[in-house]
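Below is one structure, written out as structure tokens; the observations come after it.
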Amino acid sequence: MSMAEDMNMDVNALLVDMGKKARAASHALGLASPEQKNKALQAAADALRARQDEIIEANKKDLAFGSEKGLSDAMMDRLMLDADRIEGMAAGLEAITTLKDPVGEVMDEWDRPNGLKISRVRTPLGVIGVIYESRPNVTADAGALCLKSGNAAILRGGSESLNSAGVIADCIRSGLKATNLPEDSVQMIPTRDRAAVDALLSLSDYVDVIVPRGGRGLIERVQNNARMPVFSHLDGICHIYLDKDADAQKALDITLNAKMRRTGICGSAETLLVNKDVAADILPAILDGLNDLNCEIRGDEAVQSMASYIKEVVEEDWYTEYLDAIISVKVVEDAQAAIDHINHYSSHHTESIITEDTDVAEKFLREVDSAIVMQNASTQFADGGEFGMGAEIGISTGRMHARGPVGAEQLTSFKYQVRGTGQTRP
């Protein structure tokens, strides 16, 4: 598909046409067998490997475009594709073939006294619009998860990744074609025109749900303008709480990993809370460890008293997703105070308690109102691949339908099938 700007095509007309094609394709894809969908995914993985050189050449154009735009080094790294990353995409598609197919799964079934047999069965959502920034590999993850769950996908990648994302999408389409599934099950919006985003968000007649992946600006725009449901999270203000019964070595290892493994992802810890009973014993080593890794630490008075390099924390910090080597630290009275702090300031993404006390851990897991709640584990595990989902199309912090990593199963709804023997209602 050639670029819409080259064709001088009206963007709204383009998106309506894509919506119609996606709606038609979604019906056939929703009826496809697990074997047929898995063969399509394998064929797509094979195509990615076979067209590796073409993808890298397209990516060079994207990198040049990104450089001209002045993208940061971190953004350029996200944009860059090489042989290893392409192989990772192909392997990711193969991993999705090994997952249980959610479509048609009987979630529950029961008999009524009048003889009616009722089943609740998983079905695809229909057509999913995915809007994302920078990373062209999201094209493979999103397209594959939609295919696996029987949904058609309309993909809108970042302007800087248009060329390489287009080739990746074409590899998935070739896999569909090779297995006699409709190519329009996966479509890539072929323009950098920002009007395409608004046009996609208005396609409520054809698109059933939108999934945005990107920065706060993109997600706010989608949440404010979409005329269909949205699976997303606005911020990843994630917390670590070190309880009075925390193992000191676990507390050190997990905190350093949760903050510093990758500071720019949504699962990176932004706030550290420490029980006052153990703060003097376990916190200094953690602060020194973070400082040695060039992490800026902002703390309350109790924390500032432990080291000269601690900066003063302010109220705004508790609401801030740094996405950088910065962390806010607070000493709290007890587990309840930590829970209260998290429920007040959290973006409801991911929180972790470090403790050997099972009762306190269960209280934390039960009472913290976030999509992902952990015990004795790094918040950086907030990822669909790490959850065994093969990949994720995003993280949802909403309370309706999908919550946490959104994989193939979360891209389904359900319907009721009722089987009778001639019953009529009195």
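The values are calculated or read from the model by the stated rules, or taken from the named source; none is laboratory data. Predicted, not measured: the structure shown is a model, and the values here were computed from it. Every residue, glycine as well, gets a Cβ built from its backbone with ideal geometry; the counts of neighbours run over all protein chains shown. Note: areas computed on protein heavy atoms with side chains; ligands, DNA, RNA excluded. Shrake-Rupley method; radii C 1.70, N 1.55, O 1.52, S 1.80 Å.
Measuring from centroid to centroid over Cα atoms, what is the spacing of segment 28-102 and segment 374-405 in Å?
21 Å
If I stretch the segment between residue 108 and residue 312 completely, what's the gain in nm (0.36 nm per residue apart, minus their alpha carbon distance), one decimal? Kindly include the intermediate steps, with their values, before the conclusion.
Numbers: separation 204, 0.36 × 204 = 73.44 nm, distance 5.38 nm.
Once the chain is fully extended between residue 108 and residue 312, it gains 68.1 nm.
Any idea what the relative contact order of segment 235-374 is, in percent, if you count C-alpha pairs under 8 Å spaced at least 6 apart?
Relative contact order comes out at 34 percent.
Say the cut-off is 23 Å between C-alpha atoms; which of 20/61; 148/259; 250/363; 21/148; 20/60; 20/177 go over it?
Values: 20/61 31 Å; 148/259 33 Å; 250/363 20 Å; 21/148 19 Å; 20/60 33 Å; 20/177 19 Å.
The pairs that break the limit, which is 23 Å between Cα atoms, are 20/61; 148/259; 20/60.
What relative contact order, as a whole-number percentage, does the chain give when Cα pairs under 8 Å and 6 or more residues apart are counted?
The value is 18 percent.
Compute a Gaussian network model of the chain, connecting alpha carbons closer than 10 Å, and tell me which residue from 335, 74, 22 fluctuates the most.
Maximum among the listed residues: 74.
Which cross-chain or sequence-distant (5 or more) residues have an amide H under 5 Å from the amide H of residue 349, H modelled 1.01 Å from N in plane?
Under 5 Å from the amide H of residue 349 lie the amide H atoms of 237, 371, each far enough along the sequence or on another chain.
So what J values fall out for segment 319-324 if you push phi through Karplus, 6.51 cos²θ - 1.76 cosθ + 1.60 with θ = phi - 60°, rounded to Hz, Gly and Pro as x?
The phi angles translate into 9, 9, 8, 6, 6, 7 Hz.
Leaving ligands, DNA and RNA out of it, work out the accessible area of residue 206 with a 1.4 Å probe and give it in Å² to the nearest 10.
Result for residue 206: roughly 50 Å² accessible.
Distance between the C-alpha centers of segment 153-216 and segment 121-144? Whole Å please.
Each part reduced to its Cα centre gives a spacing of 8 Å.
Along the Cα-to-C-beta direction of residue 337, a point sits 7 Å from the Cα; which residues of segment 243-282 have their amide N less than 19 Å from that point?
Within reach of a label on residue 337: 243-247, 271-282.
Using a 10 angstrom cutoff on alpha carbons, build the Gaussian network for the chain and name the most mobile of 88, 404, 217.
217
Would you please name the trypsin sites (Lys or Arg not before Pro) within segment 90-166 that are DSSP coil residues with at most 14 other C-beta atoms within 10 Å of their C-beta?
Values: sites: 100, 117, 120, 122, 148, 156; in loops: 100.
Filter output for segment 90-166: 100.
Return the distance in nm (one decimal) between the two label points of a simple spin-label model at residue 319 and residue 424, each offset 7 Å from Cα along Cα→Cβ.
Modelled inter-label distance: 6.4 nm.
Multiplying the sequence separation of residue 381 and residue 180 by 0.36 nm and subtracting their Cα-Cα distance, what value in nm do you get? Present the calculation step by step, with values, prior to reporting the outcome.
Working: separation 201, 0.36 × 201 = 72.36 nm, distance 3.70 nm.
Here the answer is 68.7 nm.
Connecting C-alpha atoms closer than 10 Å in a GNM of the chain, tell me which of 321, 270, 68 has the biggest fluctuation.
Ranking 321, 270, 68 by mean-square fluctuation puts 68 first.
Size of the dipole of the chain about the Cα centre, Lys and Arg at +1 and Asp and Glu at -1 on the beta carbon, nothing else charged, in debye to 20? Write down the numbers at each step before the final one.
Details: 44 positive and 66 negative charges, 474 e Å.
In debye, rounded to 20, the chain gives about 2280.
Out of all DSSP beta bridges with both ends in the chain, state the antiparallel percent to the nearest 5. Can you show the working numbers first?
Numbers: 15 of 53 bridges.
Beta bridges within the chain, antiparallel portion: roughly 30 percent.
Which value, in nm² and rounded to one decimal, describes the direction-averaged projected area of the C-alpha convex hull of segment 1-140?
Values: hull surface 49.5 nm².
For segment 1-140, the mean projected area of the Cα convex hull comes to 12.4 nm².
Short version: ³J(HN,Hα) in whole Hz for each residue of segment 226-231, in order, from phi by Karplus 6.51 cos²θ - 1.76 cosθ + 1.60 (θ = phi - 60°), x for Gly and Pro, what are they?
For segment 226-231, the Karplus curve yields 5, 9, 9, x, 10, 9 Hz.
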